[in-house]
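Remarks on the structure that follows.
Bear in mind that the values in this text are calculations on the coordinates, not laboratory data. Note that the coordinates shown come from a computational prediction; the quantities given were computed from them, not determined experimentally.
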Amino acid sequence: MDPNTAAMAAAYISAAKYIGAGLAAIGMGAAAIGVGSIFGNFLSGALRNPSAADGQFGRAFIGAALAEGLGIFAFLVAILLLFVVK
């Protein structure tokens, strides 16, 4: 294999890693949007019916924890793409 061809292949692989990590990082932004949506809708419902807010507060935190878990998973995938995949 020509040395120039090997260098180009390495550059393409490196570029693909960065593109993949950037695409995986979109999941972190989506998780933040999801958490904002969960608490925004919770506050909207709590203002409409304050007596039911106490019963729904735990469910709001469970939903936020699941959304944040997906964001952490997206972060993990991005880190794995950057530092583990060769």
Relative contact order of the chain, pairs being alpha-carbon contacts under 8 Å that are 6 or more residues apart, as %: 48
Cα centroid separation, the range 5-27 to the range 31-86 (Å): 29
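Would you kindly state how much longer the chain becomes between S51 and S14 on full extension, computed as 0.36 nm times their sequence separation minus their alpha carbon distance, in nm to one decimal? Walk me through the numbers before you get to the answer.
Numbers: separation 37, 0.36 × 37 = 13.32 nm, distance 5.54 nm.
Here the segment from S51 to S14 would lengthen by 7.8 nm.
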Note, ³J(HN,Hα) from phi for the range 37-48, Karplus 6.51, -1.76, 1.60, rounded to Hz, x at Gly and Pro: 5, 4, 6, x, 5, 5, 5, 4, x, 5, 6, 6
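Suppose the chain between L70 and F83 were pulled fully straight at 0.36 nm per residue; how much longer would it get relative to their current alpha carbon spacing?
Numbers: separation 13, 0.36 × 13 = 4.68 nm, distance 2.01 nm.
That pair, L70 and F83, stretches by 2.7 nm at full extension.
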